[in-house]
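K.L.:
Below you'll find the structure I mean.
The values are calculated or read from the model by the stated rules, or taken from the named source; none is laboratory data. Predicted model only: the values in this text are computed from it and were never measured. Ideal geometry is used to build each Cβ from the backbone, glycine not excepted, and the neighbour counts take in all protein chains shown.
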Amino acid sequence: MANKNEADVKSVNGEALASPQLTLDFQHRPAHGLENFFVSNSNRAAIELIDQWPNWPAPAMFLQGPVGSGKSHLAHVWQMASDAKLVKASDFTRSDIVEGDDEISSMVIEDLDEGINDEQALFHLINLAKEKGFHLLFTAVSGPGQIEIELPDLRSRIRALAVVRIEAPDDMLLRFMLLKQFEDRQLEVNPQLIEYILPRMERSFEGVGLAVERIDKAALATGRKLTRQFVGEILRAHD
């Protein structure tokens, strides 16, 4: 059960509200059966991309974002909305492309920067998407220009894709992520503690998870409450 504290976030008509002590101006997004997704300036463009389907400006789009930024979450939301197949680029083969007008469907190709198993097949898939009118969504941490691709034609196609980026998290999103991850671990925190942690942690999506995990483990090991002094000791120990 979620903790009830002063920093709880609630959703009313799609708008997230919080106590006066900690203002969280988030829009609450039910994500089609997945966990809730929250909108900030950092991820708004990516969420709008998912919302705009099938009216995309091109058959294939490229979603770029840091580790832990939610791009896989959004890719799964789009997969369910579009009835797309999902495959990691490192596992992709020609057998993932089903020939025949009625059988070719949209597809998510995840983690393009972790290696492409069959470059020729992927080049063929991009051409088919344009020809047959289905959609592709690529995801990666790196941008198209930083991905190592040997096949010149595929490299050209990937670099020409329209890119939508999930930017580094802003303070609003970092605050919410801290609150949410503490709540998921059933740890009670007050707004003042969140404000104390924020400038003392790595300001990234991964940094939030690391900070909360370290604090949680220390609290379990020692049985101490989450005070500013205790949390400060943990953060300094890993600085």
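K.L.:
Could we say that R175 is more than 19 Å from N41 (Cβ to Cβ), more than 15 Å from the chain's Cα centre (by Cα) and modelled with pLDDT of 90 or more here?
P.N.:
Judged against the criteria, R175 is not a match.
K.L.:
Going by the structure shown, is I126 touching a Gly at 6+ places or on another chain (Cβ under 6 Å) and touching a residue at least 24 places away in the same chain (Cβ under 8 Å)?
P.N.:
no
K.L.:
Go through the stretch 70-96 and report how many residues are part of a loop (DSSP other than H, G, I, E, B) and at pLDDT below 90.
P.N.:
Matching residues across the stretch 70-96 total 1.
K.L.:
Quick one: in the stretch 161-171, of everything that is surrounded by fewer than 20 Cβ atoms within 10 Å (Cβ to Cβ) and out of contact with any strand residue (DSSP E or B) (no Cβ under 9 Å at 6 or more places or on another chain), which residue is nearest to N43 (Cα to Cα)?
P.N.:
Looking at the filtered set, the residue picked out is E167.
K.L.:
Of the numbered conditions (1) outside any helix (DSSP H, G or I); (2) closer than 22 Å to H76 by Cβ; (3) in contact with a helix residue (DSSP H, G or I) (Cβ under 6 Å, 6 or more places away or on another chain), I149 fails exactly one; give the number of that condition.
P.N.:
Unmet for I149, out of (1) outside any helix (DSSP H, G or I); (2) closer than 22 Å to H76 by Cβ; (3) in contact with a helix residue (DSSP H, G or I) (Cβ under 6 Å, 6 or more places away or on another chain): (2).
K.L.:
Taking the stated definitions as given, is A129 in contact with a strand residue (DSSP E or B) (Cβ under 6 Å, 6 or more places away or on another chain), farther than 28 Å from R214 by Cβ and in a helix (DSSP H, G or I)?
P.N.:
Yes; evaluated as a whole, the condition is true for this residue.
K.L.:
State whether one or more residues within the stretch 184-203 are surrounded by 14 or more Cβ atoms within 10 Å (Cβ to Cβ), under 18 Å from the mean Cα position of the chain (by Cα) and of a type in the set (S, T, N, Q).
P.N.:
no
K.L.:
Suppose the filter is under 25 Å from the mean Cα position of the chain (by Cα), surrounded by fewer than 19 Cβ atoms within 10 Å (Cβ to Cβ) and small (G, A, S); does A121 pass it?
P.N.:
For A121, the condition - under 25 Å from the mean Cα position of the chain (by Cα), surrounded by fewer than 19 Cβ atoms within 10 Å (Cβ to Cβ) and small (G, A, S) - is not met.
K.L.:
Follow-up. Assess whether I215 counts as being under 30 Å from A129 (Cβ atoms) and in contact with a Leu (Cβ under 8 Å, 6 or more places away or on another chain).
P.N.:
No.
K.L.:
So, in the stretch 57-85, exactly how many residues are over 21 Å from K180 (Cα atoms), among the hydrophobic types (A, V, I, L, M, F, W, C) and surrounded by fewer than 16 Cβ atoms within 10 Å (Cβ to Cβ)?
P.N.:
3
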